[in-house]
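*Asks:* Submitted below is the structure of interest, expressed as C-alpha cells.
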C-alpha cells in the first residue's frame with residue numbers, strides 16, 4: 001500500500017506535467033514525449049494534453065525517441081533516464097537547446113506484480129541530473145549495487161562460461177535489447193550488415209555470445225544501466241549483469257561514470273599517460 | 001595427436017613486428033604456435049578482432065605494440081591500452097581466462113622479449129588446453 005501523501009504527490013506531478021506540456025505546445029514545441037495510460041505517447045495537439053499521466057508504472061526510458069525529432073521537443077524524464085539523455089547530448093545525438101526536460105524525482109516504478117523493479121530498489125539516481133523543471137520531492141539516492149557482478153566474478157571460469165551459456169541459450173536474437181537501448185543510436189548497425197563477417201545468421205552459442213559481447217563493448221562507456229534491455233528481453237535473460245560489469249570496470253579503470261555530467265570526456269575516446277596496464 | 005595451441009598475434013608494424021623480425025634474425029628459438037598478423041598500429045585494432053579470433057579457432061591472442069609514449073602515431077597505443085583493458089576484463093567475465101589474451105609492449109630492439117612472451121604464452125596455453133566452447137561451428141573449425 002502506498003501512503004496517502006505519496007498518492008497526493010503523484011497527482012501533483014501529473015498536473016504539473018500537463019501544465020508544462022500545454023505551455024510548451026502553445027509556445028511552438030513540435031511534440032511532447034510523455035506517458036499515457038498504455039505507455040509512451042507523443043502529444044502534438046493541445047487538445048490531447050489530458051492524455052498525459054504520471055503514475056507508478058511509467059517505466060519506459062523515453063529518451064530513446066529523442067534523436068528522431070528535429071524541432072523543439074518536451075520530454076518527461078526520470079532520474080535514471082536523465083543519465084541516458086546526458087549521454088545522448090554528449091554524443092551529439094540530441095542538442096540541448098532543442099529539448100525541454102521535465103525532470104521527475106521518482107521513488108521507484110512498480111512491475112506487474114506491484115513490486116518495485118530490481119533496478120529501482122537500489123536506485124543511485126532517483127533525481128534527474130539534468131532538467132529544465134524538476135517535479136517531485138527528492139528521494140535519498142542509494143549506492144549502486146554491484147553485488148551480483150562481484151558474485152559472478154568470484155566463480156571459476158568454467159562456471160562463468162556455463163552461466164552465460166545457459167542464459168544465452170535462450171536468446172532468439174530478436175535484437176530487442178539493441179533496439180530499445182537509448183545509447184545504441186547508430187543509424188546502421190554492424191550486426192545488420194548482410195555481407196558482414198562480424199555476425200553470422202547462426203543461432204548457436206558462440207554467435208549469440210559474440211553478439212552480446214559486441215553490443216556490450218560498443219556501449220561500454222555509455223551504458224547507464226537503465227535496465228531497458230533486460231525489461232525488453234522476451235526470454236528474460238539477465239543481460240544487465242553484463243553491462244553492469246562494464247560500468248564497474250570503466251569506473252575502476254578510468255574513474256568514469258556514464259551520464260553524470262556533460263563535461264567529462266568518454267574514456268574510450270581519450271587516454272592519459274598513467275592509464276593502468278591491460 | 002595432442003592439439004597444439006594456436007595463438008594469433010597482432011603486431012604493430014613499427015615496433016613489435018620489427019621485434020619479431022629481430023628475434024628471427026638473431027636466431028632466437030621460440031615456439032611456432034604464433035601466427036603473426038601485421039597491423040600498422042595497435043590503435044588500428046578493433047577490440048572485436050580479439051573476440052573474432054577466439055571464435056575462429058584461436059586458443060590465445062597476443063596484442064603487441066610500441067611501448068606507451070613511443071607510438072609512431074603519437075597516441076595509437078594509448079587508445080589501444082584503454083580499449084584492450086576493458087575488453088580483457090569483459091572476456092574474462094564471460095569465461096575466457098585472462099591468460100589467453102595478452103597485451104605486451106615490445107620495441108624493435110626487444111627480440112629476446114618477444115621470443116620470451118611467445119614461449120611463456122604457449123606454455124600457459126598448453127596447460128589451459130584448447131578453447132572449444134567459443135568456436136563458431138563452421139567448416140573451418142570442424
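*Asks:* Take the Cβ-Cβ distance between residue A:261 and residue A:186 as r, set R0 to 25 Å, and report the resulting FRET efficiency rounded to the nearest 0.05.
*Replies:* Using R0 = 25 Å, I get an efficiency of 0.60.
*Asks:* To continue, here is another question. Report the residues of the range B:52-80 in range of a label on residue B:35: point 7 Å along Cα→C-beta, backbone N strictly under 16 Å from it.
*Replies:* Zone members listed by number: B:52-63.
*Asks:* Also: From the square roots a ≥ b ≥ c of the eigenvalues of the alpha-carbon gyration tensor of the range B:70-134, which class results: rounded (a/c under 1.5), prolate (a/b over b/c), or oblate?
*Replies:* oblate
*Asks:* While we're on this one: How tilted is helix A:79-90 with respect to the longest principal axis of chain A? Cα atoms for both, answer in degrees (0 to 90, nearest 10).
*Replies:* Taking Cα atoms only, the helix is inclined about 70 degrees.
*Asks:* Grab the beta carbon distance between residue B:25 and residue B:99, set R0 = 25 Å, and tell me the FRET efficiency rounded to 0.05.
*Replies:* 0.30
*Asks:* Take chain A, connect every pair of alpha-carbon atoms lying under 10 Å apart with a spring to form a Gaussian network, then pick out the residue of A:259, A:136, A:34 with the largest mean-square fluctuation.
*Replies:* Maximum among the listed residues: A:136.
*Asks:* Before anything else, pin down the relative contact order of the range A:69-210: Cα pairs under 8 Å, at least 6 apart, normalised by residue count, whole percent.
*Replies:* For the range A:69-210, the relative contact order is 20 percent.
*Asks:* Calculate for chain B the 222 nm mean residue ellipticity that helices alone would give, adding -39,500 (n - 2.57) per DSSP H run of length 4 or more and normalising by residue count, nearest 500 deg cm²/dmol.
*Replies:* Calculated from helices alone, the mean residue ellipticity at 222 nm is -12000 deg cm²/dmol.
*Asks:* Across the residues of A:242-248, average count of Cβ atoms on other protein chains within 10 Å?
*Replies:* Partner-chain Cβ atoms within 10 Å, mean over residues of A:242-248: 2.
*Asks:* Take A:83, A:134, A:242 and order them by how many other Cβ atoms sit within 10 Å, fewest up front.
*Replies:* Placing the least packed residue first, the sequence is A:134, A:242, A:83.
*Asks:* Tell me the mean residue ellipticity at 222 nm calculated for chain A from its helices only (DSSP H runs of n ≥ 4, each -39500 (n - 2.57), averaged over every residue, nearest 500).
*Replies:* Roughly -10500 deg cm²/dmol at 222 nm, from the helical runs in chain A.
*Asks:* State the extension gain, in nm to one decimal, for the chain segment bounded by residue A:200 and residue A:11, taking 0.36 nm per residue of separation less the distance between their alpha-carbons.
*Replies:* 63.1 nm
*Asks:* Under 1.5 on a/c is rounded, so check that first for the range A:20-167, then, if it is not, pick prolate when a/b is larger than b/c and oblate when it is not; a ≥ b ≥ c are the square roots of the alpha carbon gyration tensor eigenvalues.
*Replies:* Judged from the Cα gyration tensor, the range A:20-167 comes out prolate (a/c at least 1.5, a/b above b/c).
*Asks:* Right, another one. If the elastic network links every pair of Cα atoms under 10 Å, which of A:234, A:141, A:156 fluctuates the most in the Gaussian network model of chain A?
*Replies:* A:156
*Asks:* Output the Cα-based Rg and Dmax of the range A:1-87 in Å, rounding Rg to one decimal and Dmax to a whole number.
*Replies:* 13.1, 42
*Asks:* Using the number of other C-beta atoms within 10 angstrom as an exposure proxy, rank A:198, B:14 with the fewest first.
*Replies:* In increasing order of surrounding Cβ atoms, one gets A:198, B:14.
*Asks:* So what is the relative contact order of the range A:4-135, in percent, for Cα pairs below 8 Å that sit 6 or more residues apart?
*Replies:* For the range A:4-135, the relative contact order is 22 percent.
*Asks:* Kindly identify the range B:7-62 as rounded, prolate or oblate by the Cα gyration tensor criterion: order the square roots of the eigenvalues as a ≥ b ≥ c, call it rounded if a/c is under 1.5, otherwise compare a/b with b/c, prolate if a/b is larger, else oblate.
*Replies:* Since a/c reaches 1.5 but b/c is at least a/b, the shape of the range B:7-62 is classed as oblate.
*Asks:* Using Cα atoms only, what is the angle between the long axis of helix A:4-26 and the major principal axis of chain A, expressed in degrees (0 to 90) to the nearest 10?
*Replies:* 80
*Asks:* Counting only C-alpha contacts under 8 Å and six or more residues apart, can you give the relative contact order of the range B:9-84 as a whole percent?
*Replies:* 41 percent.
*Asks:* Using a Gaussian network for chain A with springs between C-alpha atoms less than 10 Å apart, which of these wobbles most: A:251, A:64, A:201?
*Replies:* Per the Cα network of chain A with a 10 Å cutoff, A:201 tops the list.
*Asks:* Output the direction-averaged projected area (hull surface divided by four) of the convex hull of the alpha-carbon atoms of chain B, in nm².
*Replies:* Result: a mean projected hull area of 8.4 nm².
*Asks:* Still on this model: Which three numbers, in whole Å and largest first, are the semi-axes of the equivalent ellipsoid of the range A:147-269 derived from its Cα gyration tensor as √(5λ)?
*Replies:* Working through the eigenvalues yields semi-axes of 23, 20, 13 Å.
*Asks:* Cα centroid distance between the range A:48-116 and the range A:187-205, in Å?
*Replies:* 30
*Asks:* Considering only DSSP beta bridges with both partners in chain A, what is the antiparallel share in %, to the nearest 5?
*Replies:* Counting only bridges with both partners in chain A, antiparallel ones make up about 35 percent.
*Asks:* Using the number of other C-beta atoms within 10 angstrom as an exposure proxy, rank A:235, B:84 with the fewest first.
*Replies:* Ordered by Cβ neighbours within 10 Å, fewest first: A:235, B:84.
*Asks:* Still on this structure, please answer the following. Could you work out the percent of alpha carbon pairs in the protein assembly as shown separated by over 31 Å, rounded to a whole number?
*Replies:* More than 31 Å apart: 46 percent of the Cα pairs in the protein assembly as shown.
Computed from the coordinates by the stated procedures, all read-outs in this text should not be read as laboratory data. Since the structure is predicted, the reported quantities are computational estimates derived from the model, not experimental observations. Glycine gets a Cβ as well: all are built from the backbone with ideal geometry, and neighbour counts include every protein chain shown.
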